[in-house]
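Reading through the structure tokens given below for one structure.
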Amino acid sequence: MGVLVTAAWTCAAVSLPARAPSLSAADAVRAAVVARLGVKATVQVESIDVTGDAPVFREARPGPGSWLGRPLRFTLVTVSGAELPAMATVTVTGALVVTTRTVARGESLKPEDLNESQRVITDVPLRRLPRLEELIGSRALRALLSGEAVAGNAVTLRRKVEPGDSVTVVAASGAVEVTGTFVAADGGEPGRVIRVINPQTRRYLRGRVLQNGKVEVIDAR
């Protein structure tokens, strides 16, 4: 008498590695420019010259010293990882912040000193462009002419908290939260531990920067 043996098969879900993107040379260049600028922008690739033969690419890497308004060097990376040099001419349209007056070196930028408008972006390095809200309160590292585009390397961007700022200090004890107005003795971005001082008692506290003008108490000293 034969014996029937039933085999039980268990199907396990297998996570396959994500496929590398397959981009045309122009699309890879567009993505690289937008990523480098860090702002919403429309990138028109006017021309592109690739040394080598490959139909699709994984990414494009801008060359050092790239400036908008000039031919740009890229390294195009194929889906197999090979690298091909390329030259591209692009036109970028996006939000650009310019000065409304001449700003002296070391001067802090005020809201009335700046204007943001949509335009063709030229004569700035291909790197992250600071937004209008980031530039308010920043300090000019060199003289800025009236109407000049403000690039990130021309200013020291203002942090969320700077020394001398009036800040809201939050101290929590169980379900009770107490707030007060202190003066920052140090500066920093969110997560940074700084000192704040009570202007009435001159007592210092240590706190962690939470956001713009807000600090959470860690301890007193």
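Across the protein chains, with a 1.4 Å probe defining accessible surface, the residues I197, I218 rank I218, I197 from largest area downward.
Each of R203 and S22 was given a label point 7 Å from its Cα along the Cα-to-Cβ line. The distance between the two points is 6.7 nm.
The figure for T51 is an accessible area of roughly 90 square angstrom, using a 1.4 Å probe on the protein chains alone. Take the Cα of T102, step 7 Å toward its Cβ, do the same at N115, and the gap between the two points is 1.8 nm.
Roughly how big is the chain's charge dipole about its Cα centre, with Cβ charges of +1 (Lys, Arg) and -1 (Asp, Glu), in debye to the nearest 20? Write out the running numbers ahead of the final one.
Working: 28 positive and 21 negative charges, 135 e Å.
Around 640 debye, computed over the chain.
Note that the chain presents 61 Å² accessible area per residue, ligands and nucleic acids not counted, probe 1.4 Å.
Relative contact order for the range 100-221: 18 percent, from Cα pairs under 8 Å spaced at least 6 residues apart, divided by residue count.
Zone of N212 (label point 7 Å along Cα→Cβ, backbone N under 17 Å): which residues in the range 74-102? Backbone N within reach: 97. Over the chain, with every protein chain in place, what whole percent of the accessible area is carbon and sulfur at 1.4 Å, could you tell me? So the carbon and sulfur contribution to the accessible surface is 52 percent.
For the chain, the relative contact order is 13 percent, taking Cα pairs closer than 8 Å that sit 6 or more residues apart in sequence and dividing their mean separation by the residue count. Principal axis analysis of the Cα atoms in the range 88-183 yields extents of 60, 30, 19 Å, listed in decreasing size. Suppose a student asked you for the relative contact order of the range 85-147, using Cα pairs under 8 Å spaced at least 6 residues apart; what percent would you report? Over the range 85-147, the number comes to 47 percent. Straight-line reach from K214: taking Cα to Cα under 16 Å and skipping same-chain neighbours fewer than 8 places apart, the lysines in range are K160. Residue ranking by accessible heavy-atom surface, 1.4 Å probe, largest first, among V29, V193 comes out as V193, V29. Cα centroid separation, the range 48-70 to the range 111-141: 26 Å. The helix-based estimate of mean residue ellipticity at 222 nm for the chain, built from -39,500 (n - 2.57) per DSSP H run of four or more residues and divided by its residue count, is -2000 deg cm²/dmol to the nearest 500.
The values are calculated or read from the model by the stated rules, or taken from the named source; none is laboratory data. Just so you know, these numbers come straight off a predicted model, no measurement behind them. Neighbour counts run over all protein chains shown; Cβ positions are idealised from the backbone, glycine included. When the accessible area is computed, the model is the full protein with side chains, heavy atoms only, and any ligands, DNA or RNA have been set aside. Shrake-Rupley method; radii C 1.70, N 1.55, O 1.52, S 1.80 Å.
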